[in-house]
Each structure stands twice: as C-alpha cells, then as structure tokens.
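See structure below.
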Protein chains: 2
Amino acid sequence: MTVDTRWLDQEQKAAWVRLAAVLELLPGALDSQLRRDAQLTHFDYFVLAMLSEAPNRTLRMTALAELTTATLARLSHVVTRLETRGLIERFPCPEDKRATNARLTDAGWAKVREAAPGHVETVRETVIDALTPEQVAQLTEILDAVLHRLDPTRARAAVYERYD
Amino acid sequence: MTVDTRWLDQEQKAAWVRLAAVLELLPGALDSQLRRDAQLTHFDYFVLAMLSEAPNRTLRMTALAELTTATLARLSHVVTRLETRGLIERFPCPEDKRATNARLTDAGWAKVREAAPGHVETVRETVIDALTPEQVAQLTEILDAVLHRLDPTRARAAVYERYD
DNA sequence: ATGCGATAGTTGTAGCAACAACCAAACAGC
DNA sequence: GCTGTTTGGTTGTTGCTACAACTATCGCAT
C-alpha cells in the first residue's frame, strides 16, 4: 500500500523549512502593517492597486478576480465591503448585461496613494533590503519556476510579466 | 507630510510581484492537498509533526506555540479541535500547575505517518523539483536573510536550524 | 505571610475565506 | 424562436484566526 516516497534530503529540507516559515510569517507582517496604517488587508490593497492601474480605474469583476488570483465569490464579498466604505463603486457593464464593472472612486484612489509608501517601505524592510541585487535576481528566477508549477495556465502571468 | 519614498526599481518589483503571487497561491495549494487527503490544515499538520518529533511526543503548549509561530490563543483552539478528533490529548503539567502538556496519541501518530508522503510529494511538485540544486541552495540563503528580518528574535530558529 | 506583577492557558466574539447553491443573461444548436 | 448549456456574479453557511477579557498559578520582594 505504501508508495515509495522520495523524501527530501538535508539541503532540500533546509530550503523547505525556511520557506514554510516565511509563508507563515510574511503575510501576517504585511497584513498587520496595512491594517494598522490604512485599515486594509493585503488583499484589499492589492484589489485597489490593480484597479488603480487599470484604464479608467475600472475592471470587470472577472478580470479583477484573475488579476488577484481570487475566486469570483471571494472577490464579490471583498468588493461589497470596499463598496460600503466608499472606496469602490459597482455598476452594470453596458456591453454585457451579465457582467459587473468595479471602479475605484476618488476616495479609493486617495486611499491607495496614501497606503502605498508605507507598504513599499515594509516590503523593503522585510525582503528587498535584506538581499543583494544578485539575490533579488535569483529570487525572481526561482519564483518564476515555482509559479510555473503553481499556476500552469499562467492566469496571473499578465500581472507579473509587466515587470520583466 | 509626504515622506520621500524609495520606490522599487524594475528588478525589485519583478521579484516582489512574484513573491506576492507565491504567497497567495502556495499556502492554498498545500492546504487543499492536506485537507483533501488527510482532513488536516497545513497548520494542523505542522502541529502534529512538531509533537511527533518531540520527546514522548509531548510538549507544553507554550513550547508548541513557539515552534509553530502561533499565539497561545490560536494554538489552544486548534488543539481543542484536534483533541476532539482524538489526535492529541491534553493533561496538566505536574511541575507547573499553570501549564498544560499536549501529547500526540497513537491515532495522531498514525495520522502523521499517513499524511507525510502526500505532503512531501506536494512540496516536491510545487517547489523543490522545479529548482536546480544551485537554486535550492540560493533559496535557503535568501530565505535566511528574510527570516532574519521577519523574526529577529529567532524564536523559530530552533526549528529550522535543525536542518542546516 | 502577603501582595503584586509576570506567566500559562482558556474562552467568547467578530471578521474574513472557502465552498456550494443559486439566479440571470448570453449563446449555440436545431 | 425554443431549449440546453455556459458564463458572470451574488449570497448563505461553515470553519478558522485575531483580539480581548478572564482565571489560575508562580516567583519574588517586602
């Protein structure tokens, strides 16, 4: 019954244990900074950021869901909350009456502008400034390989290939 | 009022965007495999794994909390659930009447043995096997640098320094 | 001995995420 | 021009996490 498992060797285990630790700690660090300074979760922030870079600061829910790697259900809940807070507005898509557009309001735009510097600073402090330029390049390649496994359809490709 | 922000350059942004994507996708991938195949969250699994490697398969709640980077409150809830399922048992610590010990039951031990191969296989598929040996070594160094920022007190050091 | 701050852990509650069920508009086939 | 299917989105439920309040014990200084 037991399938012969290829266990991890010492070096692989070293990398994995550290990755697991980062996976546990980093999201919390990002989240708590944004929550404290901008009353936003990291996911909230990312949603607003994607909208802020879109033409007319508007995207269809489906497009926004792909950009943020979220299910439509999750996105819908999040957008509902952000809409209540006046940061986003929803309106029916004229071209396709099934569809809904989400647009960043002026207040939402202001919120992104206000939150960005602190967020970037946190990213620097926790990750970027800890690495040499060579390591930053290595990290990019490594993560690309991993993403290729995680996201074979490259649904998110559009987002991060803008930054090549 | 505006503090002069050091924005990320192209290469830094490339690394960061990819890291954000991995942070979003990888935990879900790990979680859903374990949930599907062993009815365990990744955190559940890690708790059981830490206990399974401890002397007598027993640890004080505080020690277990440190090993898993969890708050005591979070751990308490998780252990309550695992206890209900018969995978862990709690008993008062004889030396310190404030303290509680958590011990892995035989059923819990069996669960870990059963879940481990599938989990390792997922780790291989999504991360390790996507990388060259050089990249694995690079990743370890990179993550060490990040962890140093993230966890300056090295609370988790004990866990991952076992794998040097 | 006793009074007080620190330590160890539990519990209640509120908020967010995953999953599934659901409805409506659009499209494809005949 | 009906009918069945796919697409786009919302809503309800359940489970887990964070936060805060609370109890009990310990250690130590007086």
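Numbers for the structure displayed
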{"read-out": "The one condition in (1) at pLDDT below 95; (2) surrounded by 20 or more Cβ atoms within 10 Å (Cβ to Cβ) that A:Leu40 fails to fulfil", "value": "(1)"}
{"read-out": "Residues that are over 18 Å from A:Leu67 (Cβ atoms) and more than 7 Å from chain A (Cβ to nearest Cβ), drawn from the range B:7-28", "value": "B:Asp9"}
{"read-out": "Helices (runs of 4 or more DSSP H) contained in the range B:91-164 and holding at least 2 residues surrounded by 16 or more Cβ atoms within 10 Å (Cβ to Cβ) and at pLDDT 95 or above", "value": "B:106-126, B:133-150"}
{"read-out": "Contacts under 7 angstrom Cβ, first residue in the range A:90-104 being more than 14 Å from chain B (Cβ to nearest Cβ) and aliphatic (A, V, I, L, M), partner part of a loop (DSSP other than H, G, I, E, B) and within 11 Å of DNA strand D (Cβ to nearest atom), 6 or more apart", "value": "A:Ala99/A:Cys93"}
{"read-out": "Matching entry among B:Leu26, B:Leu19 (being touching a residue at least 24 places away in the same chain (Cβ under 8 Å), crowded, with 19+ Cβ neighbours inside 10 Å and within 15 Å of A:Asp144 (Cβ to Cβ))", "value": "B:Leu26"}
{"read-out": "Flag for B:Thr41 being within 13 Å of chain A (Cβ to nearest Cβ), touching a residue at least 60 places away in the same chain (Cβ under 8 Å) and within 15 Å of DNA strand D (Cβ to nearest atom)", "value": "no"}
{"read-out": "Test: residue in the range A:64-72 that is in contact with a Ser or Thr (Cβ under 7 Å, 6 or more places away or on another chain), within 13 Å of another protein chain (Cβ to nearest Cβ) and more than 15 Å from DNA strand C (Cβ to nearest atom)", "value": "no"}
{"read-out": "Filtered residue count, the range A:39-77, keeping only those that are closer than 13 Å to A:Val112 by Cα and either part of a helix (DSSP H, G or I) or not aliphatic (A, V, I, L, M) (or both)", "value": "15"}
{"read-out": "One residue from A:Glu11, A:Glu53 being of a type in the set (Asp, Glu), more than 27 Å from B:Asp151 (Cα to Cα) and more than 15 Å from DNA strand C (Cβ to nearest atom)", "value": "A:Glu53"}
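The values are calculated or read from the model by the stated rules, or taken from the named source; none is laboratory data. Quick caveat: nothing in here was measured; it's all calculated off a predicted structure. Ideal geometry is used to build each Cβ from the backbone, glycine not excepted, and the neighbour counts take in all protein chains shown.
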